[in-house]
(Lines give C-alpha, C1' and ligand atoms only; values in the text may rest on other atoms or scores of the structure.)
Protein backbone atom coordinates (compact mmCIF):
# COMPACT_ATOMS: atom_id res chain seq x y z
CA UNK A 1 0.00 0.00 0.00
CA UNK A 2 1.19 3.43 -0.79
CA UNK A 3 0.99 6.20 1.72
CA UNK A 4 -1.02 9.25 0.88
CA UNK A 5 0.89 12.44 1.28
CA UNK A 6 -0.94 15.52 2.36
CA UNK A 7 0.12 18.95 1.30
CA UNK A 8 1.40 21.03 4.17
CA UNK A 9 -0.35 24.19 3.06
CA UNK A 10 -1.90 26.01 5.96
CA UNK A 11 -4.19 28.13 3.82
CA UNK A 12 -5.89 31.23 5.10
CA UNK A 13 -6.91 31.37 8.72
CA UNK A 14 -8.33 33.86 11.21
CA UNK A 15 -6.18 34.56 14.21
CA UNK A 16 -7.66 35.82 17.46
CA UNK A 17 -4.97 36.83 19.95
CA UNK A 18 -5.36 35.76 23.55
CA UNK A 19 -5.30 39.34 24.85
CA UNK A 20 -8.33 40.14 22.65
CA UNK A 21 -10.26 37.12 23.92
CA UNK A 22 -9.33 37.93 27.52
CA UNK A 23 -10.82 41.43 27.32
CA UNK A 24 -14.06 42.15 29.17
CA UNK A 25 -15.66 43.42 25.96
CA UNK A 26 -15.12 40.05 24.23
CA UNK A 27 -15.88 37.95 27.29
CA UNK A 28 -19.32 39.48 27.88
CA UNK A 29 -20.36 39.65 24.22
CA UNK A 30 -23.05 37.38 22.76
CA UNK A 31 -22.01 34.70 20.22
CA UNK A 32 -23.68 36.39 17.24
CA UNK A 33 -21.56 39.58 17.24
CA UNK A 34 -18.49 37.39 17.77
CA UNK A 35 -19.35 35.44 14.62
CA UNK A 36 -19.80 38.72 12.73
CA UNK A 37 -16.39 39.88 13.92
CA UNK A 38 -14.87 36.67 12.59
CA UNK A 39 -16.50 37.34 9.21
CA UNK A 40 -15.01 40.83 9.15
CA UNK A 41 -11.62 39.49 10.12
CA UNK A 42 -11.85 36.83 7.36
CA UNK A 43 -11.97 39.66 4.85
CA UNK A 44 -8.79 41.23 6.22
CA UNK A 45 -5.90 40.24 3.95
CA UNK A 46 -3.03 41.82 5.88
CA UNK A 47 -3.03 45.16 4.08
CA UNK A 48 -6.64 46.33 3.76
CA UNK A 49 -7.57 47.44 7.28
CA UNK A 50 -9.82 50.46 6.90
CA UNK A 51 -10.98 49.21 3.51
CA UNK A 52 -12.75 46.00 4.57
CA UNK A 53 -16.05 45.74 2.70
CA UNK A 54 -18.93 43.87 4.28
CA UNK A 55 -22.55 44.71 3.61
CA UNK A 56 -25.43 43.64 5.81
CA UNK A 57 -26.68 41.33 3.08
CA UNK A 58 -23.28 39.64 2.62
CA UNK A 59 -22.87 39.29 6.37
CA UNK A 60 -26.34 37.76 6.65
CA UNK A 61 -25.56 35.27 3.88
CA UNK A 62 -22.25 34.32 5.50
CA UNK A 63 -23.87 33.83 8.94
CA UNK A 64 -27.03 32.21 7.56
CA UNK A 65 -29.45 34.71 9.14
CA UNK A 66 -31.92 37.31 7.85
CA UNK A 67 -30.35 40.54 6.62
CA UNK A 68 -32.28 42.67 9.14
CA UNK A 69 -30.69 40.77 12.01
CA UNK A 70 -27.05 41.74 11.53
CA UNK A 71 -27.52 45.51 11.91
CA UNK A 72 -27.73 45.27 15.69
CA UNK A 73 -24.60 43.10 15.71
CA UNK A 74 -22.62 45.74 13.77
CA UNK A 75 -23.79 48.34 16.32
CA UNK A 76 -22.77 46.06 19.19
CA UNK A 77 -19.26 45.64 17.76
CA UNK A 78 -18.96 49.39 17.26
CA UNK A 79 -20.19 50.19 20.76
CA UNK A 80 -17.69 47.81 22.32
CA UNK A 81 -14.82 49.22 20.23
CA UNK A 82 -13.94 46.25 18.01
CA UNK A 83 -14.73 47.90 14.68
CA UNK A 84 -14.98 51.42 13.31
CA UNK A 85 -17.06 52.57 10.34
CA UNK A 86 -14.71 54.32 7.90
CA UNK A 87 -17.27 54.98 5.14
CA UNK A 88 -20.97 54.27 5.36
CA UNK A 89 -22.98 52.57 2.66
CA UNK A 90 -24.02 54.85 -0.18
CA UNK A 91 -24.90 55.01 -3.85
CA UNK A 92 -21.89 55.34 -6.10
CA UNK A 93 -21.64 57.76 -9.04
CA UNK A 94 -23.33 55.28 -11.39
CA UNK A 95 -26.19 54.70 -8.96
CA UNK A 96 -24.82 51.35 -7.82
CA UNK A 97 -24.81 50.74 -4.08
CA UNK A 98 -21.48 50.70 -2.25
CA UNK A 99 -21.00 48.65 0.90
CA UNK A 100 -19.65 50.08 4.13
CA UNK A 101 -15.89 50.13 4.76
CA UNK A 102 -14.80 48.90 8.16
CA UNK A 103 -11.63 49.12 10.24
CA UNK A 104 -10.60 46.53 12.81
CA UNK A 105 -9.49 48.36 15.95
CA UNK A 106 -6.94 45.73 16.95
CA UNK A 107 -4.76 46.30 13.85
CA UNK A 108 -2.96 49.32 12.37
CA UNK A 109 -4.54 50.95 9.33
CA UNK A 110 -3.33 51.36 5.75
CA UNK A 111 -2.12 54.92 6.24
CA UNK A 112 0.09 53.94 9.18
CA UNK A 113 -2.21 54.91 12.04
CA UNK A 114 -1.61 52.61 15.01
CA UNK A 115 -4.26 50.30 16.37
CA UNK A 116 -6.54 52.03 18.87
CA UNK A 117 -7.61 48.86 20.74
CA UNK A 118 -10.48 50.80 22.27
CA UNK A 119 -12.24 47.57 23.26
CA UNK A 120 -9.66 47.13 26.05
CA UNK A 121 -11.05 50.16 27.88
CA UNK A 122 -14.68 49.06 27.49
CA UNK A 123 -16.44 48.13 30.73
CA UNK A 124 -19.93 46.76 31.20
CA UNK A 125 -22.32 49.37 32.50
CA UNK A 126 -24.10 48.23 35.65
CA UNK A 127 -27.79 49.03 35.89
CA UNK A 128 -28.40 50.89 39.16
CA UNK A 129 -31.19 49.63 41.41
CA UNK A 130 -34.27 51.74 41.31
CA UNK A 131 -35.27 53.35 44.59
CA UNK A 132 -39.00 53.24 43.99
CA UNK A 133 -39.45 49.52 44.58
CA UNK A 134 -42.48 48.28 46.49
CA UNK A 135 -41.55 48.08 50.14
CA UNK A 136 -42.66 45.47 52.66
CA UNK A 137 -45.58 46.37 54.90
CA UNK A 138 -44.21 47.77 58.18
CA UNK A 139 -46.80 46.15 60.50
CA UNK A 140 -46.30 42.67 59.15
CA UNK A 141 -45.28 40.15 61.83
CA UNK A 142 -45.07 42.95 64.40
CA UNK A 143 -45.62 42.55 68.13
CA UNK A 144 -48.42 44.51 69.76
CA UNK A 145 -47.97 46.54 72.98
CA UNK A 146 -48.58 43.54 75.30
CA UNK A 147 -45.66 41.61 73.84
CA UNK A 148 -47.84 39.09 72.04
CA UNK A 149 -47.83 38.60 68.37
CA UNK A 150 -50.66 40.38 66.58
CA UNK A 151 -52.19 37.65 64.44
CA UNK A 152 -54.58 39.86 62.49
CA UNK A 153 -57.39 38.31 60.47
CA UNK A 154 -57.59 34.52 60.31
CA UNK A 155 -59.09 32.97 57.21
CA UNK A 156 -61.36 29.96 57.47
CA UNK A 157 -60.91 27.56 54.61
CA UNK A 158 -64.12 25.73 53.87
CA UNK A 159 -63.98 22.37 52.15
CA UNK A 160 -66.86 20.96 50.08
CA UNK A 161 -67.48 18.21 52.67
CA UNK A 162 -67.91 20.84 55.42
CA UNK A 163 -70.55 22.63 53.33
CA UNK A 164 -72.49 19.41 52.80
CA UNK A 165 -72.39 18.58 56.55
CA UNK A 166 -73.50 22.12 57.42
CA UNK A 167 -76.39 21.93 54.94
CA UNK A 168 -77.64 18.58 56.29
CA UNK A 169 -77.57 19.64 59.95
CA UNK A 170 -80.09 22.45 59.42
Exercise. Take region 43-58 and flag every residue that is closer than 16 Å to residue 84 by Cα and part of a helix (DSSP H, G or I).
Key: 56
Quiz prompt | Residues of region 61-85 satisfying the condition of being surrounded by 18 or more Cβ atoms within 10 Å (Cβ to Cβ) and not in a loop (DSSP other than H, G, I, E, B) | solution = 70, 73, 74, 76, 77, 80, 83
Exercise. Give the residue, chosen from 94, 99, that is modelled with pLDDT under 90, closer than 30 Å to residue 52 by Cβ and touching a strand residue (DSSP E or B) at 6+ places or on another chain (Cβ under 7 Å).
Key: 99
Exercise. State yes or no: is residue 116 surrounded by 10 or more Cβ atoms within 10 Å (Cβ to Cβ), at pLDDT 75 or above, under 22 Å from residue 25 (Cβ atoms) and in contact with a strand residue (DSSP E or B) (Cβ under 9 Å, 6 or more places away or on another chain)?
Key: yes
Quiz prompt | Lone unmet requirement of (1) surrounded by 15 or more Cβ atoms within 10 Å (Cβ to Cβ); (2) within 15 Å of residue 119 (Cβ to Cβ) for residue 44 | solution = (2)
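Can you spot a residue in region 139-146 that is farther than 22 Å from residue 33 by Cβ, assigned to a strand (DSSP E or B) and either touching a helix residue (DSSP H, G or I) at 6+ places or on another chain (Cβ under 8 Å) or at pLDDT below 70 (or both)? Explain how you work it out, then say what you get.
Within region 139-146, the subset farther than 22 Å from residue 33 by Cβ is 139-146.
After this cut, where a residue has to be assigned to a strand (DSSP E or B) as well, the list is 143.
From the residues that got through so far, the ones that are either touching a helix residue (DSSP H, G or I) at 6+ places or on another chain (Cβ under 8 Å) or at pLDDT below 70 (or both) too are 143.
Checked against the condition, which is being farther than 22 Å from residue 33 by Cβ, assigned to a strand (DSSP E or B) and either touching a helix residue (DSSP H, G or I) at 6+ places or on another chain (Cβ under 8 Å) or at pLDDT below 70 (or both), region 139-146 yields at least one hit.
Only one of these is more than 14 Å from residue 29 (Cβ to Cβ) and within 22 Å of the chain's Cα centre (by Cα): 77, 63. Name it. Even if it seems obvious, please write down each step before you answer.
Details: 77 fails: more than 14 Å from residue 29 (Cβ to Cβ).
After applying the criteria, what remains is 63.
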Exercise. Out of 33, 108, report the one residue that is closer than 24 Å to residue 120 by Cα and either modelled with pLDDT under 90 or part of a loop (DSSP other than H, G, I, E, B) (or both).
Key: 108
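The values are calculated or read from the model by the stated rules, or taken from the named source; none is laboratory data. Keep in mind the model is a prediction, meaning the values are calculated, not measured. Counting neighbours? That spans all protein chains shown, and the Cβs are built from the backbone with ideal geometry, glycine included.
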